[in-house]
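> The structure follows.
The values are calculated or read from the model by the stated rules, or taken from the named source; none is laboratory data. Please read these numbers as outputs of a predicted model, since none were measured by experiment. Backbone-built Cβ (ideal geometry, glycine too); neighbour counts: all protein chains shown. Accessible surface areas use protein heavy atoms only, side chains included; no ligands, DNA or RNA. Shrake-Rupley method; radii C 1.70, N 1.55, O 1.52, S 1.80 Å.
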Amino acid sequence: MGKNKYITAIVVGAGAGGGIVAKELATSNIKVTLFERGDWPSYDKHFNDELISQRVQDLGTSFGPDGKKNPRVLISPDGKRNTVYRAVNHIAACVGSGTVSYGAMAWRFMPEDFKMKSTYGAVEGSTLDDWPISYEDLAPSYDKAEREIGVAGDMSGIPFAPNKDNPYPMPPFEYSREGEFLKNVCQNMELHPFPVPMLRNSVPYNGRGACIRNRYCVGTACPVNAKNGTQNTVIPVAMQTGNCEVKTNCFVYKIHTDGKGKATGVAYFDENNKSKTLEADIIVLSASAHETARLLLNSKSVEFPNGIGNNNDWVGRNHQGHSYTGAVALFDFDILDLTTGPNTTLGIMDYNHHNKGIIGGGLLANEFFLGPYAFTDQRPPGSPTWGKEHKKYQRENYQRTGLLVGPIQEIPIFDARVTIAEDVKDFWGVPVAAFSGGHHPLDKINCQFLSSKAEEIFIKAGAVKIWRRGGGEGQQGGGQHQGGTCRMGNNPATSVTDSFGRIHDMENLYVADGSLMVTNGGFNPVLTIMALAFRVGGHIASKWM
Amino acid sequence: MKYNRRNFIKQCIALYGSTLLLPACSTRGKTQTYRSFSPLQADCLGAICEQIIPTDEYPGAIDSGVVNYIDRQIYIRFPELKELYHEGIQAVNSYCTSVYNKEFTALSWDDQTQLLLTMEKGELPEEHWEKASQREFFRIVRRNTMQGFYGAPHHGGNKDYISYRMMNLNYPFIAGQNRYGEK
Ligand SMILES: Cc1cc2nc3c(=O)[nH]c(=O)nc-3n(C[C@H](O)[C@H](O)[C@H](O)COP(=O)(O)OP(=O)(O)OC[C@H]3O[C@@H](n4cnc5c(N)ncnc54)[C@H](O)[C@@H]3O)c2cc1C
């Protein structure tokens, strides 16, 4: 026990991981200070605005951060450095972070996803490995995430779903017109379609009402608060205990240590940009894969000349994102019904594993409606990109275009990394994150594979024109699905944290966000990040109380 | 009048209100004053945007306020783009003058299209493009034109929800629902 009457904890970042850890600690009577660099989100600020959202960011982001204050450096394969003053590769910066504006797809990983190396063998040029935990280890935490944050779905009858016998707390959403149509096609092909599990209320749940089927949902906040994030579930619960203070507009820039393997506190800039410090018994980093790595690398001391936890040069390595691949198809009838949204309703996980000659794979789901502006780039290859034809195509085919897409499991590489650009500072004078490294050559092959599967479905569906998305090349940006930068593992030489998210060299410093992921699965990551946070938070509470 | 916050808001409401009351007819022929463009620059830019989204059964870039959108974005968000726009417009006209002996706006529709197709590929004579990159200029104008026409009207374009109407996205907006009422 520390010098205070209570055990105190600092959690950095109030997003998916941080909100959950704060709740797990606060409900165990630990005094938590939850730091968030952004503000509380509001719906009204950017409602119905395709150009300022978290999905399309042409004129800015709706939930931060401000790119001008938060530059980043992109290092291309030939070593050329490009400093960008747009909010590239961030998730968000507000209480709830990505969970405010996400599409809210709620995937569990499959058992194979935790055992990639045992399942497929070592891959040359890749750091592909097994997780230090199994699906079974994480299953109870998935359960908690599904209940406490709130998921609607139904996996019964899906042979690949590890939770097929484990009902969700809410019934699934109904299929959209496109979903229903493609579901029938998939069934005829003997695939196994199901309604996509969603972190949205299909019925009133947890004291909030049901979803109103907005046309556009991903990228914006919910106007009726029926989308479930940490900002409207666990964080309020944590605050209700009286044990959790949320410090908004406070940016943590350094972790202090005592030189003997203990973290003592953090330095931060408060809402008036004044530098301050706060001490605590336990510190948990949940700032997202990029910002957690940056914070560790920026926390240099005699004990850690290369940053905390980085004596083996693993912090920031194995940086992953997700190429979103699949196919686009044009029909000769209106496959979309825009009176009810947000559309993503049908999923298949037939191609996530056990594909001949492919390591991993990915899910496919019909995509959320694109806004009118995003649709201006959805054209078959070789079509006019402007002029009369382009305009005509826009009105004739907006409702006739289907998308079947999904995140392909990446083959991680050591050289895809987040580092610090010592010479480029943010608004507060703190060195920013730099990104370098690309993709393993298999990523491109895997994208072709999944694209071809989406294409097959569209052929059977009778589309008049189909084009593949491809991907898996170019610079690794991480983006919305950033992960892997503080890999968990049993061997301190080849990982950053142990299987409970504790930084190997440190007694009381933990990570609980996307950084921990050893491999990124062929699934959107947030439910797995939430489950990890329940695991880390639960572990800390049981160990310290 | 004392310049306080309340008066300021009143003035804004008055301005905003009067814009809303304007009849939804074509504004062509009337000169609008812009913050980032001279009237001649605005005419040339409008003609380029109109090529990107031409008038057909539905209004095109000019009548939907795309130039207004671009002017507004340069002023409030992307001042760094002003130079590219000015140089690009000048380069277009310098090329037109040397080849056709007239400005871009005076070219026939088909000649304008041809010119932009060549510019998109970066194949106009480079001597006019010493300052700005022709491909970059085209890329930015195209992107901003799409944003102005297809983005939300409160950014300055898409006047009267014209693109939403054209795409059969029912309107107007029902507050609090983030979607549009039945027609
Ligand atoms: C538009 C969009 C759609 C998405 N759709 C889906 C989906 O359908 N399904 C899915 O699974 N995933 C989806 N995601 C991804 C999901 O939101 C992320 O995977 C998830 O939020 C990551 O959790 P995290 O805890 O790692 O980081 P975050 O949730 O980003 O939390 C990090 C928090 O830390 C704060 N922070 C960072 N640095 C500091 C600092 N130094 N000091 C103080 N605070 C700091 C940030 O502001 C942020 O609030 C989507 C994301 C976006 C943006």
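> Using a cut-off of 20 Å between alpha-carbon atoms, which aspartates and glutamates can reach B:LYS131, once sequence neighbours fewer than 8 places away in the same chain are excluded?
B:GLU80, B:GLU83, B:GLU87, B:GLU103, B:GLU120, B:GLU123
> Here's another thing I want to ask about it. When only DSSP loop residues count, what GluC sites (Glu not before Pro) in the stretch A:234-323 have their Cβ near at most 16 other Cβ atoms within 10 Å?
A:GLU271, A:GLU303
> Enter the accessible area of A:PHE427 (Å², nearest 10), with the probe set to 1.4 Å and all protein chains included.
110
> Sticking with this one: Which value results for Rg/Rh of the stretch B:30-166 when Rg is the Cα radius of gyration and Rh the Kirkwood radius based on the inverse mean 1/r?
Rg/Rh: 0.95.
> Right, here's the next one. Toward the positive end of the charge dipole of the stretch A:1-76, about the Cα centre and with charges on Cβ (Lys, Arg +1; Asp, Glu -1), which of A:TYR43, A:GLY13, A:GLY67 goes farthest?
A:GLY13
> Using alpha carbons only, how many degrees (0 to 90, rounded to 10) separate the axis of helix A:388-397 from the longest principal axis of chain A?
90
> Next question, about the same structure. Pop out a list of residues from the stretch A:169-215 that are at least 20 Å² less accessible with all the protein chains around than in their chain alone; 1.4 Å probe, no ligands or nucleic acids counted.
Buried-area filter returns A:ILE212, A:ASN214, A:ARG215.
> May I pose another question? Listed here are the pairs A:LYS45/A:LYS391; A:LYS117/A:LYS444; A:LYS183/A:LYS391; A:LYS117/A:LYS356; B:LYS82/B:LYS102; A:LYS183/A:LYS465; which of them are more than 26 Å apart at the Cα?
Working: A:LYS45/A:LYS391 30 Å; A:LYS117/A:LYS444 20 Å; A:LYS183/A:LYS391 31 Å; A:LYS117/A:LYS356 16 Å; B:LYS82/B:LYS102 24 Å; A:LYS183/A:LYS465 19 Å.
In this structure, A:LYS45/A:LYS391; A:LYS183/A:LYS391 exceed 26 Å between Cα atoms.
> Under 15 Å from the Cβ of A:PRO159, count the other residues' Cβ atoms, weight Lys and Arg +1, Asp and Glu -1, and hand me the total. Intermediate values should be presented prior to the final figure.
Working: positive: A:ARG108, A:LYS164; negative: A:GLU112, A:ASP154, A:ASP165, A:GLU190, A:ASP350.
Around A:PRO159, the charge tally is -3.
> What value, in deg cm²/dmol to 500, does the helix sum -39500 (n - 2.57) over DSSP H runs of n ≥ 4 give at 222 nm once divided by the residues of the protein assembly as shown?
-9000 deg cm²/dmol
> Can you list residues from other chains, or at least 5 along the same chain, whose modelled amide H is less than 5 Å from the amide H of A:GLY307?
A:SER301
> What residues qualify as long-range amide H neighbours of A:LEU346, i.e. H under 5 Å apart, gap of 5 or more or another chain, H built at 1.01 Å from N?
A:VAL196, A:ASN366
> Still on this model: Under 5 Å between amide hydrogens, which residues at least 5 positions from A:MET170 or on another chain qualify, with H placed 1.01 Å from N in the peptide plane?
A:VAL151, A:GLY153
> Right, something else. Select from B:ILE52, B:PHE104, B:HIS154 the residue farthest towards the positive end of the dipole of the stretch B:30-166; place +1 on Cβ of Lys and Arg, -1 on Cβ of Asp and Glu, and compute about the Cα centre.
B:HIS154
> Counting heavy atoms of the protein chains only and a 1.4 Å probe, report the per residue accessible area for chain A as a whole number of Å².
Using a 1.4 Å probe on heavy atoms only, each residue of chain A averages 35 Å².
> With a 1.4 Å probe, what is the total accessible area buried between chains A and B, in Å² rounded to the nearest 100? Could you put the intermediate results ahead of the total?
Values: alone 20580 and 11700 Å², together 28900 Å².
The A and B chains share an interface burying roughly 3400 Å².
> In the stretch B:56-91, what residues drop by 50 Å² or more in accessible surface going from the chain by itself to the full protein assembly, probe 1.4 Å?
SASA drop of 50 Å² or more in the stretch B:56-91: B:ASP56, B:ARG77.
> Using the eigenvalues of the Cα gyration tensor, what equivalent ellipsoid semi-axes result for the stretch A:8-544 when each is taken as the square root of five times the eigenvalue, whole Å, largest first? Write down the numbers at each step before the final one.
Values: eigenvalues 254, 120, 114 Å².
Output for the stretch A:8-544: semi-axes of 36, 24, 24 Å.
> Can you send over the carbon and sulfur percentage of the accessible area for the stretch A:41-119, probe radius 1.4 Å, protein chains only? Don't skip to the end; give the middle numbers.
Working: 1580 of 3070 Å².
Percent of accessible area from carbon and sulfur atoms in the stretch A:41-119: 51.
> Here's a follow-up. Using the crude model of +1 on Lys and Arg Cβ and -1 on Asp and Glu Cβ, and no other charge, please compute the dipole size for the stretch A:8-544 relative to its Cα centre, in debye to 20.
About 820 debye.
> How many percent of Cα pairs in the stretch B:93-136 exceed 14 Å? Don't jump to the answer; show the numbers that get you there.
Numbers: 431 of 946 pairs.
More than 14 Å apart: 46 percent of the Cα pairs in the stretch B:93-136.
> Just for chain A, what percent of DSSP beta bridges are antiparallel, to the closest 5?
The antiparallel proportion sits near 70 percent.
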